[in-house]
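> The structure is given below, and queries will be raised subsequently.
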Amino acid sequence: MASAVPETIDARATDDVLAFAAHLDCTAAAWLDSLGPGARRDGRRVAYVLVGTAEYALGLDVLVRSLRAVTDLPILLLAAGGWKPAFQAPNLAVLAVPEIVKLDLEGSMAARFRRTLTKLWTFGFVSLDRLVYLDGDCLVRQPIDDLFDGAGFAAAPDLLSNQPFPVFNSGVFALSPDPALRNALFEGLPATPSFDGGDQGILNALLGNDVRWLPIRDNYLRTYEPILSSAASAARVLHYSAKKPWTVASEAVGDPALLGLDDVWTERLDRAGLMAMVTAWRRSVADSEIAANAALGRVEADLALQRRRFNRLMRRVLAGLGLVALLQLALLGVWLFG
């Protein structure tokens, strides 16, 4: 774990971004060299790359477990925002990285994608011959080491994208890192638009014309389940987009409850992970109840205030009506008795 790493870095600081990318690459290369032949596939230096944050801690734990069940190739875990994982695994290195902040996306309607730009550090590992990147909400169900074969950039299509052109999902991809590609990405990053407010829009703008398409079994999005449920059993990688199986609430309105796929994920937890998830759920429910009770208390206080104001008004009205009645009696007396 590197020390003295800032929590964030501005995408506009191109020299600083490229310098940190070079530092990260040297650190990873030294660690991979220390592993000897274990860091190579068919003579090529390779690694799985993951990005971790505190919010995805349980997801990363399960992802690493699922990877280690099917492969012993090295894993580079990029720990962002000052997060430090509590779990360990063989041939896993944790590298602290700053979150890449692109200020023009901060007000995006897709603000939940803000931290996903951290995965762009992946393109800086130019000392690797090939790498495979996986989002922290993925679960590997079958061996996928063959994704290290081939060259260039490979990703699966995003079948639910609302763009008028083919779009790949950036939650899983294979990459042959290249200095020219790294420089083009980081130097062009400040001016590169993003149709989704996150990394997927940026990477499609950069690589959309050069992608080698993977089958959806290599990145089966959870949101496909209502329309492609028969394909889930053949999926090598399940990607829990939108609703995360370790959270109570969904990130997207109208996201369906898919208990079957959530159970597949939960089965990978150990007892400590399961207890951590239950504790987090209980805390979430308790926080919601506290917030709801506080809101109800504010409503009740407001109603009580409105009742007091109404009562004061009615007393004034009645007092006014009493005075009017007295005046009317007085006038009646004058009329009757002169």
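> In degrees from 0 to 90, rounded to the nearest 10, what is the angle of the helix 271-337 Cα long axis to the longest principal axis of the chain?
Taking Cα atoms only, the helix is inclined about 20 degrees.
> At a threshold of 8 angstrom on Cα-Cα distance, excluding pairs fewer than six apart, so keeping six or more, what relative contact order does region 137-272 reach in percent?
On the way: 165 pairs, mean separation 36.9, N = 136.
Relative contact order here is 27 percent.
> Next up: Taking the chain as the reference, fit the longest principal axis to its C-alpha atoms, fit the long axis of helix 57-68 to the helix C-alpha atoms, and give the angle between the two in degrees, 0 to 90, nearest 10.
Here the helix axis deviates by roughly 30 degrees.
> Quick check: pseudo-label points 7 Å beyond the Cα along Cα→Cβ at A29 and D10, how many nm apart are they?
3.0 nm
> Continuing with the same structure: When the gyration tensor of region 1-110 is built from Cα positions, what are the square roots of 5 times its three eigenvalues, in whole Å, from largest to smallest? Could you put the intermediate results ahead of the total?
Working: eigenvalues 136, 66, 30 Å².
After diagonalising the Cα gyration tensor, the semi-axes are 26, 18, 12 Å.
> How much of the DSSP bridge set in region 24-170 is antiparallel, in percent, rounded to the nearest 5?
Around 15 percent antiparallel, to the nearest 5.
> Another question, if that's okay. Of the listed peptides 84-95, 149-160, what is their order by residue-averaged count of other C-beta atoms within 10 Å, with the highest listed first?
With the highest mean Cβ count within 10 Å placed first, the list reads 149-160, 84-95.
> For q = 0.19, 0.20, 0.30, 0.31 Å⁻¹, what log10 I(q)/I(0) does region 1-49 give under the Debye formula with an equal point scatterer on each alpha carbon and no solvent?
-0.74, -0.78, -1.15, -1.19
> Heavy-atom accessible area of R283 with all protein chains present, probe 1.4 Å, nearest 10 Å²?
130 Å²
> How much accessible surface area, in Å² rounded to 10, belongs to the heavy atoms of C26 with a 1.4 Å probe?
Spelled out: C26, probe radius 1.4 Å, area about 90 Å².
> Could I ask something else about it? Show the residues, 5+ positions off or on another chain, whose built amide H is closer than 5 Å to the amide H of N169.
A156, D158
> Anyone know which of P164, P226, P193 comes out most mobile in the 10 Å Cα GNM of the chain?
P164
> Relative to the Cα centre, what is the charge dipole magnitude of the chain, using +1 at the beta carbon of each Lys and Arg, -1 at the beta carbon of each Asp and Glu, and rounding to the nearest 20 debye?
Approximately 1540 debye in magnitude.
> Now for a separate question. Accessible area per residue of the chain at 1.4 Å probe, in Å²?
50 Å²
> Another question, then. Bins of 20 Å, beginning at zero and ending with the bin holding the largest distance: percent of Cα pairs per bin for the chain, please.
27, 48, 11, 7, 6, 2, 0
> Let me ask something else. Just reorder F337, F123 by solvent-accessible area, largest first, 1.4 Å probe, all chains present.
Highest to lowest solvent-accessible surface, that is F337, F123.
> Using only Cα atoms, find the angle between the long axis of helix 179-188 and the longest principal axis of the chain, and express it within 0 to 90 degrees, rounded to the nearest 10.
20 degrees
> Enter the mean projected area of the convex hull around the alpha-carbon atoms of region 130-192, in nm², rounded to one decimal.
Orientation-averaged projected area of the Cα hull: 5.8 nm².
> Spelling out what I want: for every residue of region 82-89, take phi, set θ = phi - 60°, compute 6.51 cos²θ - 1.76 cosθ + 1.60 (Karplus), and round to whole Hz; glycine and proline get x.
With the stated coefficients, region 82-89 comes to x, 6, 10, x, 8, 9, 9, 7 Hz.
> Also: Within the chain, how many Lys pairs sit with Cα atoms under 22 Å apart, leaving out pairs fewer than 8 places apart on the same chain? Walk me through the intermediate numbers first.
Details: K84/K119; K84/K244; K102/K119; K119/K243; K119/K244.
Step by step, the pairs that qualify in the chain add up to 5.
> Let me ask another. Normalised by the residues of region 1-149, what does the relative contact order come to in percent, with Cα pairs under 8 Å and at least six apart?
Worked out over region 1-149, it gives 36 percent.
> With θ set to phi - 60°, apply the Karplus curve 6.51 cos²θ - 1.76 cosθ + 1.60 along region 15-28 and write out the HN-Hα couplings as whole Hz, x wherever there is a Gly or Pro.
4, 5, 5, 5, 5, 5, 4, 5, 4, 4, 5, 5, 5, 5
> Then there's this: Could you tell me which residue out of V278, Y48, V62 lies farthest along the dipole of the chain toward its positive end? Charges go on the beta carbon: Lys and Arg +1, Asp and Glu -1, centred on the Cα centre.
The Cα lying farthest towards the positive end belongs to V278.
> Here's something else I'd like to know. Karplus couplings for region 30-40 from phi (6.51 cos²θ - 1.76 cosθ + 1.60, θ = phi - 60°), rounded to Hz, Gly and Pro as x?
Residue by residue, region 30-40 yields 5, 5, 4, 5, 5, 7, x, x, x, 9, 10 Hz.
> Shifting gears a bit: Modelling each spin label as a point 7 Å along the Cα-to-Cβ direction, I'd like the S161/A304 distance in nm, to one decimal.
Spacing of the two 7 Å Cα→Cβ label points: 5.6 nm.
> In the chain, what percentage of the DSSP-assigned beta bridges are antiparallel, given to the nearest 5?
The antiparallel fraction comes to roughly 35 percent.
> Another question, if that's okay. Tell me what the chain gives for mean residue ellipticity at 222 nm when only DSSP H runs of n ≥ 4 count, each as -39,500 (n - 2.57), the sum divided by the residue total, rounded to 500 deg cm²/dmol. Write out the running numbers ahead of the final one.
Working: 7 runs with 131 residues, N = 338.
Dividing the helical sum by the residues of the chain leaves -13000 deg cm²/dmol.
> When only Cα pairs under 8 Å and 6 or more residues apart are kept, what is the percent relative contact order across region 68-186?
This gives 23 percent for region 68-186.
> Once you've got the GNM for the chain with C-alpha springs shorter than 10 Å, pick whichever of V248, V299, V285 has the biggest mean-square fluctuation.
Among V248, V299, V285, the largest mean-square fluctuation in the Gaussian network model of the chain belongs to V299.
> Still on this model: Computing the accessible area with a 1.4 Å probe over protein heavy atoms, can you report the carbon and sulfur percentage for the chain? Spell out each step's value before the answer.
Numbers: 9990 of 16940 Å².
Solvent-exposed carbon and sulfur of the chain make up 59 percent of the total.
The values are calculated or read from the model by the stated rules, or taken from the named source; none is laboratory data. Worth saying up front: this structure is predicted, and the values here are computed from it rather than measured. Quick reminder, even Gly has a Cβ in these numbers, built from the backbone with ideal geometry, and neighbours come from all protein chains shown. Quick note on the areas: whole protein, heavy atoms, side chains included, nothing else; ligands and nucleic acids left out. Shrake-Rupley method; radii C 1.70, N 1.55, O 1.52, S 1.80 Å.
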